[in-house]
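The values are calculated or read from the model by the stated rules, or taken from the named source; none is laboratory data. This one's a predicted model, so the numbers in the text were calculated from it and none came from an experiment. Glycine also receives a Cβ, built like all others from the backbone with ideal geometry; neighbour counts cover every protein chain displayed.
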Amino acid sequence: MRKYKDLTAAERKQICNGCGGKGSWIPVPNFLFVASCNHHDYNYHLGGTEQDREKADRQFYAAMLLDCGDARFYLRPWYRMWARAYYQAVRIFGIDFFNYKKAGHASIRFSG
């Protein structure tokens, strides 16, 4: 299986858009979590089952918590709050963006 780090710049541009749903009308701040959001986009692009989606979301949350460690110590609680909010948002709203491989689920909105 191909890994996120192996994507070309063009593939990353096609698949990843930072934080927030692709084509969403609600802007989402990217600040500290851009790389984690892009990797999460790639995992959603790969798709699979609901268990794969849950795993992608847990990995996303764990990656964001690691990102928080890069922030100044007094900002870390603030960023952890944002990480939790982003995690909850993908659990609630991410279903329409995940590339389900089984019939009866929503399909991904990424082209190509």
Taking segment 1-34, which residues are modelled with pLDDT of 80 or more, of a type outside the set (Val, Ile, Thr) and exposed (fewer than 10 other Cβ atoms within 10 Å of the Cβ)?
Arg2, Lys3, Lys5, Asp6, Ala9, Ala10
Looking at segment 60-78, I want the residues that are closer than 23 Å to His45 by Cβ and have a partner that is exposed (fewer than 10 other Cβ atoms within 10 Å of the Cβ) and modelled with pLDDT under 95 with Cβ atoms under 6 Å, at least 6 apart or on another chain. Which pairs are those?
none
Residue hits (segment 48-65; surrounded by 16 or more Cβ atoms within 10 Å (Cβ to Cβ), of a type in the set (Gly, Ala, Ser) and closer than 14 Å to Ser36 by Cα) are Ala56, Ala63
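Residues checked against (1) surrounded by fewer than 14 Cβ atoms within 10 Å (Cβ to Cβ); (2) more than 11 Å from the chain's Cα centre (by Cα); (3) assigned to a helix (DSSP H, G or I):
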residue: Asp41; (1), (2), (3): no, no, yes
residue: Asp67; (1), (2), (3): no, yes, yes
residue: Asp70; (1), (2), (3): yes, yes, no
residue: Phe98; (1), (2), (3): no, no, no
